[in-house]
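Here, each number is a calculation from the coordinates, and none is a lab measurement. Model, not experiment: these values are computed from the prediction. Every residue, glycine among them, receives a Cβ derived from its backbone with ideal geometry; neighbour counts consider all protein chains shown.
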Amino acid sequence: MIVQENFLSKLREFGLNSYESKLWAALLSRGSSTAGELSDMANVPRSRAYDVLESLERKGFILRKLGKPIKYIAVPPEEVLDRVKLRVKSDAEKHLMTIENLKESELLEELSLLHSKGTDLIEPDELTGVITGRGNIYNHLESRVSKASSSVVILATPSGLMKKAEFLLPLFKKLRKKGVSVRIATHNLKEARVIVDQLSQYSEIRQSNFEGRFCIIDNSEVTFMLQHDSVVHQNYDMGIWINSPFFSKAFAEAFETKWNSMQPLSGKLN
């Protein structure tokens with residue numbers, strides 16, 4: 001049996017490896033068959049066929065018929081899809097439960113202690129990092145902003161501001177309750193009007209007269225992006241994180257000069 005490689009690659013989206021995809025496709029075309037027949041059809045070594053078919057059976061893709069020789073029956077794809085959905089959901093719930101349990105475990109305390117001790121030994125010029133990929137950058141920013149104790153300053157593009165809003169809104173709400181000052185600058189308020197109206201409930205927002213992408217936290221650390229988000233693919237977006245009060249304070253003071261010349265979005269916040 002000749003099956004196009006792109007078809008087999010699509011079958012892997014069901015969570016199957018190469019041999020599983022080939023044997024399942026072969027069985028779907030036959031309805032019922034022996035391991036030997038399927039091995040020949042799918043060009044899978046006979047020494048592996050039984051193990052692979054056993055794996056497919058465990059995953060709910062096939063059934064084994066009673067009798068000799070042993071034959072296998074393909075489960076209808078519609079039923080398989082439902083089973084895969086349930087398995088993925090179950091696995092995700094288990095992983096989430098494991099993560100939640102770790103938050104309250106002694107293991108996390110021990111890991112945090114190791115990290116804090118290790119950080120004390122690091123030279124200031126080593127407290128830097130490169131973050132690649134927009135998703136990773138957003139995760140990094142969410143983590144760092146949530147730890148702010150006095151101030152957060154953000155310069156963002158309107159599109160970037162709207163994309164980050166999902167995690168910024170609840171974070172800013174919590175920060176305001178803690179008394180943390182949050183200031184945002186973006187260069188085109190009209191383009192981001194909807195999200196600006198929401199963010200202005202918990203932060204001060206001004207019209208920027210220059211473009212850039214960075215975040216300053218507590219005047220002690222800075223994360224800045226190297227390119228405009230409209231000219232770089234999200235997978236290749238790159239940010240630089242610098243944990244240096246000396247550098248960050250100078251960066252913040254330079255921004256402060258610009259901030260004072262920016263037009264406020266509205267009057268004083270309620």
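Model label points for residue 226 and residue 89, set 7 angstrom from Cα along the Cα-to-Cβ axis, are 4.3 nm apart.
Partners of residue 190 within straight-line reach, counting lysines whose Cα lies under 21 Å from its Cα and excluding those fewer than 8 residues away in the same chain: 163, 164, 258, 268.
Going by neighbour counts of Cβ atoms within 10 Å, the residues 262, 225 line up, fewest first, as 262, 225. The mean of 1/r over all pairs of different alpha-carbon atoms in segment 126-264, once inverted, gives a Kirkwood hydrodynamic radius of 14.9 Å.
Projecting the alpha carbon convex hull of segment 174-216 along each direction and taking the average yields 3.3 nm². Per-residue extension of 0.36 nm, minus the Cα-Cα distance of residue 143 and residue 106, leaves a gain of 11.2 nm for this segment. Compared with the direct C-alpha span, the chain from residue 211 to residue 260 gains 16.1 nm at full extension, assuming 0.36 nm per residue. Counted residue by residue at 0.36 nm each, then reduced by the alpha carbon distance between them, the extension gain from residue 132 to residue 54 reaches 24.1 nm.
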